Amino acid sequence: MNDDPLALYQRRALPEEFRIILAQYPRADWAAHPNFNGLAAFWLDRHLNFRAMMAQMQQDTALRLDEQIAAPDYGGRLARLGQRFLGELEGHHAIEDTAYFPQLARLEPRIARGFDILDADHHALHDLIDRFAAGANDVLRAPSDRAQREKLANFGTVLAQFDQMLGQHLSDEEDLVVPVVLKHRVD
Ligand SMILES: [Fe+2]
Ligand SMILES: [Fe+2]
């Protein structure tokens, strides 16, 4: 953690200086834009997928803590979904960092520093990925029903923090990326 007000763990919105293109392409108009069906729609759909997987894992965890799902069922679901979530998220970050962010920053140098912020977010999220993997492994290796529920308290805290930080990152990224993609018809 650091004192940077733009660091993901304490940021609550993108600063105005990075919202200048968004001001010309407000979110409410995105879907009707002629350039929407392509990269912009695909990008938003990937983000919806991450939000949905996170919501499912949180719901499963709440049900398990409430003893409405048996330990083996919960373990199977977490193993499958957790692995998919981490694999897809890491792949998504890699292509953003190496291909899309540099390309979009070149197209709109005025907001180029915003893409550096998003890149830094990915590093913060990767710390959470490590904690997620360790917490999930503790849950999956718990030797008894009771032990699993104890480990779940810790994993639930990691999930809640991940949900908050990922949600902030995804929505800030959409505000930065989608207007540039629409304006320049990036595909
Ligand atoms: Fe991202
Ligand atoms: Fe993304």
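The values are calculated or read from the model by the stated rules, or taken from the named source; none is laboratory data. Every value quoted in this text rests on a predicted model; they were computed, and no experiment measured them. So basically every Cβ, Gly included, is an ideal-geometry build from the backbone, and we count neighbours across all protein chains shown.
Among residues of region 165-187 that are over 24 Å from GLN10 (Cβ atoms) and assigned to a helix (DSSP H, G or I), those with a Cβ under 7 angstrom from a residue that is among the acidic types (Asp, Glu) and more than 13 Å from ligand 2 (Cβ to nearest atom), sequence gap 6+ or separate chain, pair up as VAL180/GLU108.
Tell me, please, whether a residue that is more than 13 Å from ligand 2 (Cβ to nearest atom) and closer than 26 Å to ALA153 by Cβ can be found in region 99-108. No - not one qualifying residue is present in region 99-108. The residues of region 1-33 that are closer than 26 Å to VAL158 by Cβ and either within 16 Å of ligand 1 (Cβ to nearest atom) or in contact with a strand residue (DSSP E or B) (Cβ under 7 Å, 6 or more places away or on another chain) (or both), listed by number, are LEU6, ALA7, LEU8, TYR9, ARG11, LEU14. Remark: pairs (first residue in region 47-67, of a type in the set (Phe, Trp, Tyr); second residue in a helix (DSSP H, G or I); Cβ separation under 8 Å; 6+ apart in sequence or on different chains) = PHE50/PHE85; PHE50/GLU88; PHE50/LEU89; PHE50/HIS92; PHE50/LEU166; PHE50/LEU170. For ARG185, the conditions (1) at pLDDT below 95; (2) basic (Lys, Arg); (3) at positive phi are fulfilled apart from (1). What about ALA136, is it in contact (Cβ under 8 Å) with a residue 24 or more places away in the chain and touching a Gly at 6+ places or on another chain (Cβ under 7 Å)? The answer is yes for ALA136.
Pick out the one residue from PHE115, PHE155 that is of a type in the set (Phe, Trp, Tyr), in a helix (DSSP H, G or I) and farther than 20 Å from GLN24 by Cα.
The unique qualifying residue is PHE155.
Yes or no: region 84-92 includes at least one residue that is more than 16 Å from ligand 1 (Cβ to nearest atom), at pLDDT 95 or above and in a helix (DSSP H, G or I). Checking region 84-92: at least one residue is more than 16 Å from ligand 1 (Cβ to nearest atom), at pLDDT 95 or above and in a helix (DSSP H, G or I).
From the list ALA32, ALA28, ALA120, the lone residue that is of a type in the set (A, V, I, L, M, F, W, C), over 30 Å from ARG149 (Cα atoms) and surrounded by 14 or more Cβ atoms within 10 Å (Cβ to Cβ) is ALA120. The set of residues in region 34-50 that are farther than 12 Å from VAL181 by Cβ and within 16 Å of ligand 1 (Cβ to nearest atom) comprises ASP45, ARG46, HIS47, LEU48, ASN49, PHE50.
Looking at PHE50, PHE42 in this structure, which one is buried (at least 17 other Cβ atoms within 10 Å of the Cβ) and in a helix (DSSP H, G or I)?
PHE50
The single residue among ARG110, ARG141 that is touching a helix residue (DSSP H, G or I) at 6+ places or on another chain (Cβ under 7 Å), at pLDDT 95 or above, of a type outside the set (Asp, Glu) and surrounded by fewer than 19 Cβ atoms within 10 Å (Cβ to Cβ) turns out to be ARG110.
Between ALA136, ALA160, the distinction of being more than 14 Å from ligand 1 (Cβ to nearest atom), surrounded by 14 or more Cβ atoms within 10 Å (Cβ to Cβ) and under 20 Å from the mean Cα position of the chain (by Cα) belongs to ALA136 only. Condition check: at pLDDT 95 or above and either surrounded by 15 or more Cβ atoms within 10 Å (Cβ to Cβ) or of a type in the set (Asp, Glu) (or both). Does ALA23 satisfy that? When the stated conditions are applied, ALA23 does not pass them.
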